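All remarks here apply to the structure that follows.
The values are calculated or read from the model by the stated rules, or taken from the named source; none is laboratory data. All values derive from a computational prediction rather than experimental measurement. Glycine gets a Cβ as well: all are built from the backbone with ideal geometry, and neighbour counts include every protein chain shown.
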């Protein structure tokens, strides 16, 4: 991929990322969902994803340490 194509792809992705929040709020408002409710659900989903991410990282660390202990034995 050339530099120009890569730059254009990055520009398009940035543009989409910038328009996604206002568009999703507008669509939710039209669908009858209040913005406060949307923020509440987004926060809940984000919190659950972060908990899962940290639990997975913790599990991987424990597994890696367990493998090291077995190799040392």
- Breaking point among (1) assigned to a helix (DSSP H, G or I); (2) exposed (fewer than 10 other Cβ atoms within 10 Å of the Cβ); (3) at pLDDT below 80, for residue 22: (3)
- Item | Qualifying positions in the range 25-62 - more than 22 Å from the chain's Cα centre (by Cα), in a helix (DSSP H, G or I) and surrounded by 10 or more Cβ atoms within 10 Å (Cβ to Cβ) | 29, 62
